Amino acid sequence: MPAETAAHLPSLTIARFDKALHDRSAFSCGFGPIDNFLKSSLSDQIRAGMVAAWIATAEGDPAVLGFYALGAMAVRAEFGPEKWQRAGVPDIPVIYIRAVAVREDMQGKGLGTALVVDAMRRCLGIADQMGAAAIVLDVLRDDHFERRWNFYEDLGFRPLGDPLNPERVCIPMADVRATLG
Ligand SMILES: CC(C)(COP(=O)(O)OP(=O)(O)OC[C@H]1O[C@@H](n2cnc3c(N)ncnc32)[C@H](O)[C@@H]1OP(=O)(O)O)[C@@H](O)C(=O)NCCC(=O)NCCS
């Protein structure tokens with residue numbers, strides 16, 4: 001995992017999404033479904049208790065520069081590390097990163113890494129309060145798939161090994177704890 005995450009970024013705040021405070025209107029990450037999720041579905045899904053989202057902004061400017069969203073999920077024990085299989089339960093509780101995105105003009109400056117590291121720290125806190133054995137996400141498949149895959153691999157994510165979801169990657173919470181303490 002890169003030690004330096006956001007060296008070239010302006011002074012940033014990452015705060016829980018608040019539709020009164022965060023201006024989503026100009027946000028575009030270059031991947032339409034994620035932009036639509038942020039602008040059209042997020043508020044409803046938060047109200048329904050399906051996700052929680054965190055937003056990066058620069059000091060004194062409400063424009064959304066990047067965000068991530070988390071939800072609870074279960075994955076089949078057979079697809080994870082051996083200790084999951086030994087537990088004798090069919091499903092393992094994990095935390096799912098539903099989306100991560102950075103505004104196009106801000107990409108490549110370390111903000112995406114900073115957001116995922118922030119998500120990992122938050123997930124560690126959640127895993128202190130309830131069972132969550134890993135963080136899981138689906139790497140979007142399009143022309144940039146390889147770059148995206150490398151981005152998550154550098155952060156410690158590995159394929160889950162689910163043949164029905166070959167783009168699904170995970171990092172065991174123990175590895176997150178060992179890396180971020
Ligand atoms: C993927 C993404 C979150 C990375 O954020 P970022 O701030 O650009 O990332 P960082 O600066 O911390 O790290 C750079 C790495 O991110 C990845 N990356 C950067 N731009 C990318 C893009 N447009 N598409 C896919 N991956 C990208 C690359 O691995 C890059 O490393 P490289 O330059 O050596 O190839 C961001 O590019 C983005 O929002 N892309 C569009 C939406 C998306 O793909 N979300 C992820 C869904 S699984």
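When the Gaussian network model of the chain links Cα atoms closer than 10 Å, the mean-square fluctuations of Leu164, Leu38, Leu21 top out at Leu164. Assuming R0 = 25 Å, what is the FRET efficiency of Glu153 and Leu21, from their Cβ-Cβ distance, to the nearest 0.05? The value I calculate is 0.15.
Over all other residues within a Cβ to Cβ distance under 15 Å of Gly88, the charged ones net out to 0, with Lys and Arg as +1 and Asp and Glu as -1. The charge dipole of region 12-180, taken about its Cα centre with unit charges on the Cβ of Lys, Arg, Asp and Glu (plus for the first two, minus for the last two), comes to roughly 360 debye. Build a GNM of the chain with springs between Cα atoms under 10 Å apart, and of Ala56, Ala114, Ala87 the one that fluctuates most is Ala87. Largest GNM mean-square fluctuation across Ala101, Ala26, Ala69, computed for the chain with C-alpha springs under 10 Å, falls on Ala26.
Stretching Ser40 away from Arg121 to a fully extended chain increases their span by 26.4 nm, per 0.36 nm per residue minus the current alpha-carbon distance. Within the shell of other residues whose beta carbon sits under 13 angstrom from the beta carbon of Gly32, the net charge comes to -2, with Lys and Arg scored +1 and Asp and Glu -1. Computed on the chain, with alpha-carbon pairs under 8 angstrom and 6+ residues apart, the relative contact order is 20 percent.
Efficiency by 1/(1 + (r/R0)^6): what FRET value for Leu180 and Asp138, r their Cβ-Cβ distance, R0 = 25 Å, to the nearest 0.05? Using R0 = 25 Å, I get an efficiency of 0.65. Histogrammed with a bin width of 5 Å, the alpha carbon distances of the chain distribute as 1, 8, 17, 20, 21, 17, 10, 4, 2, 0, 0 percent, first bin at zero. At a Förster distance of 30 Å, what's the computed FRET efficiency of Ala58 paired with Asn165, Cβ-Cβ distance as r, to 0.05? After rounding, the FRET efficiency stands at 0.25. Ordered by the number of other Cβ atoms lying within 10 Å of each residue's own Cβ, fewest first, Cys170, Cys123 fall into the sequence Cys123, Cys170. Counting neighbouring Cβ atoms within 10 Å and putting the fewest first, the residues Phe27, Phe79 line up as Phe79, Phe27.
Over all other residues within a Cβ to Cβ distance under 14 Å of Val139, the charged ones net out to -2, with Lys and Arg as +1 and Asp and Glu as -1. Full extension of the chain segment joining Ala48 with Gln107 gains 18.2 nm, where the gain is 0.36 nm per residue of separation less the Cα-Cα distance.
The numbers here are math on the coordinates, done by the rules we state, and not lab data. The structure displayed is predicted, hence computed values, not measured ones. No Cβ is skipped: glycine too gets one built from the backbone with ideal geometry, and neighbour counts run over all protein chains shown.
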